[in-house]
Amino acid sequence: MDIVRVIKSKDYTTICNRIFKDRRLSLKAKGLLAMLLSLSDHWKLSISGLYAILKEGKVSIRSTMNELIKHGYVERERVKDKKGVYIGINYIVFESPKLENLTMGNKTQVSNNIINNQFNKDNSKIEFFNEVMVFNNYSKEMLNDFFEYWSEPTKKGIMKKDTMKTWATSRRLKTWAKNESKWMLNSVGISKVDKHLQTHNEAMNILKQIENDKKNK
């Protein structure tokens, strides 16, 4: 795949790649989230405001926003004035999904155990990231790809690396680098069809040379 990029000296947004690797989100939700993160912090976010700058209708925008809310990327809160009168809705956008609250009846309660577990998971992920980045003999791009792959959460909510029976980051990195080198060689090498044609052409040239030698005799 060829990608034509531009020099990013101005008018660009840096977004975490984990957003685009989150399989829970539809392509539409990922696109909307990327656009939301590109907006100014002073931009007043609303469905009507998005409708004014997007091609989609309000129903489509609202359903996509609800998808982002469901998965913790957007939080919607009702805004009231000092007298307690409802005056509107405020949206908060997160680049990393926020821990979802557990709703019981009309009250929202957050389990301390869940918070502690999430805190421990985040700490483990940070520790793993720091552990990977120590190996500066590899390129940062390769280290980031390695980290993104092995830190991806499973259905049980643990990092993929933690499902392995044994784990040694240095050994895994060495294997990753070796496989990446093989892939690079294969990607720039000639195909099996080209190799076959090349062998065929070489054989034909040899036969022609033999025939020419016979004629010259």
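For the reader, a short list of remarks on this structure follows.
- Over region 9-98, Cα pairs under 8 Å with separation of 6+ residues give a relative contact order of 27 percent.
- Subtracting the Cα-Cα distance of VAL85 and ASP41 from their residue separation scaled by 0.36 nm leaves 13.3 nm.
- Here the residues ARG76, ARG171, ranked from fewest to most Cβ neighbours within 10 Å of their Cβ, fall in the order ARG171, ARG76.
- Among the listed pairs LYS21/LYS178; LYS140/LYS161; LYS44/LYS156; LYS44/LYS125; LYS21/LYS161; LYS10/LYS80, those beyond 26 Å (Cα-Cα): LYS44/LYS156; LYS44/LYS125; LYS10/LYS80
- Entry for region 9-98 at q = 0.20, 0.23 Å⁻¹: log10 I(q)/I(0) = -1.01, -1.27, Debye formula applied to identical alpha-carbon scatterers, no solvent contribution.
- Footprinting exposure proxy ranking of GLU77, GLU148, fewest other C-beta atoms within 10 angstrom first, gives GLU77, GLU148.
Here, each number is a calculation from the coordinates, and none is a lab measurement. Keep in mind that what you see is a predicted model, and the values were worked out from it rather than measured. Note that each Cβ is placed from the backbone with ideal geometry, even for glycine, and that neighbours are counted across all protein chains shown.
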